[in-house]
Amino acid sequence: MNRYAMLTAFGQDRPGIVAALAEGLFELGCNIEDTCMTRLRGEFTMMVMVRLPDGLSADQLASRLTPHTSPLGLTVLCREVPARAAERGSEPDAPVFMLSVYGADHPGIVAKIARVVADHGGNITDMNTRVIGAEDRPVYTMILEVQMRAESQPAALGHALDGLKPSLGVDLTFRPLEQVRL
Amino acid sequence: MGFCDNLLIVAAQPILLYPDPALKAKTARVDPANPEVAAIVQDMLDTLKASPGVALAAPQIGRLVQIIVVDVSRKKGEQGHGLVVLLNPHILQQDGPRIIREGCLSLPDYTGNVLRYERTLVQGLSPDGLPVTLATSGFEALAFQHELDHLDGRLFLDRIESLSTDLFRRKS
Ligand SMILES: [Zn+2]
């Protein structure tokens, strides 16, 4: 049976980090499955799901990667992931919605929005937030992808989100993302 | 039921999956008078009928020729032009850019965000060789854009517009 690990790495961004990580994983016999990497401001952040070779544990992977990652000042964490979560399955054909929220920056926007989404049976499957705008007029923005469970009511969620606008002082749109299979 | 029905060969083909090289190959224009064209069209129609989709391009059954079949009425709530068979099709013009999440029968279980157009004007030949111009919109326009890409060896992966985070890239 295949064994998988989730590896997260972060550190000050500079060219060559992905190359060093990928080379290290390759030399250790790990197979890179799915990856997500981005920069949060000046910080490099990466999540990699790897398939472990026989005889290598997730803990050992972290320590054996050190020669590759410590010169770059990277923090690397590894945890084994249950195979049933890591094996590829077909994506559920649930309706997908995009939610954009933006307004003057203040604490609590993400918490309030995410709670309403959860309480209406929405599953946040992708999320990006940024503080943008002028230095003295910061604007908080968040873009979420929300998958609705079959029995849930997107219209009710849309209504509840609209209801948050005055108290949170944000603008928002909640709209379906058209999916076509051709 | 006539006795000829016994001779009818329903030739639904398997839909090729990437990395089959046919999906990245160049395709040739066809001559409607060539009897082989009618046979390929029939194979495509049989294959479409047996598939869960609404459209097919010839390379998806391994024929490297410029033929597409589209029938969006196979999808609930869609009408469009019904069943359309087009030889040597090309796009005359399109407008109304929009991002949609697209998937392909030849690349199952994966979708990506691509830039498509709301309206597409398509030109080609009918199976009997007559010129056809179709004004399509909405889902039908998306289907034509997708199938025409197949004739160029192009998959939706070649059109992924941006990662979600690109929205936040600073102008530099
Ligand atoms: Zn396709």
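The values are calculated or read from the model by the stated rules, or taken from the named source; none is laboratory data. As the structure is a prediction and not an experimental result, all values here were calculated from the model. Don't worry about glycine lacking a Cβ; one is built from the backbone with ideal geometry, like all the others, and counts go over all protein chains shown. Each accessible area value is taken on the protein alone, full model and side chains, heavy atoms only, with ligands, DNA and RNA left out. Shrake-Rupley method; radii C 1.70, N 1.55, O 1.52, S 1.80 Å.
For region B:151-164, what are the residues that are more than 9 Å from chain A (Cβ to nearest Cβ) and either open to solvent by less than 70 Å² (accessible area, probe 1.4 Å) or more than 11 Å from the ligand (Cβ to nearest atom) (or both)? Once the filter is applied, which keeps residues that are more than 9 Å from chain A (Cβ to nearest Cβ) and either open to solvent by less than 70 Å² (accessible area, probe 1.4 Å) or more than 11 Å from the ligand (Cβ to nearest atom) (or both), region B:151-164 yields B:L151, B:D152, B:G153, B:L155, B:D158, B:R159, B:I160, B:E161, B:S162.
Could we say that B:P97 is within 15 Å of the ligand (Cβ to nearest atom) and either open to solvent by 10 Å² or more (accessible area, probe 1.4 Å) or more than 11 Å from chain A (Cβ to nearest Cβ) (or both) here? So B:P97 fails the test. Taking region B:107-150 as the range and being within 13 Å of another protein chain (Cβ to nearest Cβ) and basic (K, R) as the test, only B:R116 passes. For region B:11-18, the criterion of being over 16 Å from the mean Cα position of the chain (by Cα), more than 15 Å from the ligand (Cβ to nearest atom), outside any loop (DSSP other than H, G, I, E, B) and away from chain A (no Cβ under 14 Å) is met by no residue. With the condition kept exactly as written, say whether any residue in region B:80-88 is within 12 Å of the ligand (Cβ to nearest atom), within 14 Å of chain A (Cβ to nearest Cβ) and either over 14 Å from B:G129 (Cα atoms) or at pLDDT below 95 (or both). The answer is no; no qualifying residue exists. Please go through region B:68-87 and pick out each residue that is buried (at least 19 other Cβ atoms within 10 Å of the Cβ) and either at positive phi or over 16 Å from the mean Cα position of the chain (by Cα) (or both). Scanning region B:68-87 gives a single hit, B:G80. Residues in region B:35-51: is at least one surrounded by fewer than 17 Cβ atoms within 10 Å (Cβ to Cβ) and touching a Leu at 6+ places or on another chain (Cβ under 9 Å)? Scanning region B:35-51 turns up no residue that is surrounded by fewer than 17 Cβ atoms within 10 Å (Cβ to Cβ) and touching a Leu at 6+ places or on another chain (Cβ under 9 Å).
Meeting the requirement of 1 or more residues that are farther than 15 Å from B:H150 by Cα and of a type outside the set (S, T, Y), the strands (runs of 3 or more DSSP E) wholly within region B:33-129 are B:67-71, B:83-104, B:107-125.
The number of residues in region B:52-67 being under 15 Å from B:L105 (Cα atoms) and open to solvent by less than 30 Å² (accessible area, probe 1.4 Å) comes to 9. One residue stands out in region A:137-182 among those that are open to solvent by 40 Å² or more (accessible area, probe 1.4 Å), under 29 Å from B:G112 (Cβ atoms) and charged (D, E, K, R): the one that is farthest from the other protein chains (Cβ to nearest Cβ), namely A:E151.
Checking every residue in region B:115-138 against the condition of being within 15 Å of the ligand (Cβ to nearest atom) and not charged (D, E, K, R) gives zero matches. Within the set B:S106, B:S73, the sole residue that is within 14 Å of the ligand (Cβ to nearest atom) and of a type in the set (S, T, Y) turns out to be B:S106.
A single entry from B:L125, B:L115, B:L105 fulfils the requirement of being in contact with a Gly (Cβ under 6 Å, 6 or more places away or on another chain), open to solvent by less than 60 Å² (accessible area, probe 1.4 Å) and under 26 Å from B:A22 (Cβ atoms): B:L105.
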